[in-house]
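Notes for the one structure printed next.
The values are calculated or read from the model by the stated rules, or taken from the named source; none is laboratory data. Treat the numbers as computed from the prediction; the structure is a model and nothing was measured. Cβ coordinates were reconstructed from backbone atoms using ideal geometry, including for glycine residues, and neighbour counts include every protein chain displayed.
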Amino acid sequence: MDTVKTKKQNGNTVKLRTPTFNRLQTLKHKGQSNDGFITELLDLYENDLPKNKVVQSPKQARDMDDKA
């Protein structure tokens, strides 16, 4: 799998496949940081959720399905 490596600044590293990284670079505003763009996406996603909805990771959802 082809991935993009970037210099680590202050914070954490997120590994992205090259096509995902390219989409990120295409969609963000000129001069906008990757962190700023991802934060904007998360805000949009969270604001679109029904109130009091608990967000689950795919693994948590699978575990809940397995218990049912």
(request) Take G11 and decide whether it is at pLDDT 90 or above, in a loop (DSSP other than H, G, I, E, B) and loosely packed, with under 10 Cβ neighbours inside 10 Å. (result) no
(message) Any residue in segment 33-44 that is hydrophobic (A, V, I, L, M, F, W, C) sitting within a Cβ distance under 8 Å of a residue that is outside any helix (DSSP H, G or I)? List the pairs, counting only those 6 or more apart or interchain.
(response) F37/K28; F37/H29
(request) Residue by residue through segment 14-26, note down the ones that are in a loop (DSSP other than H, G, I, E, B) and either over 12 Å from the mean Cα position of the chain (by Cα) or among the hydroxyl-bearing types (S, T, Y) (or both). (result) none
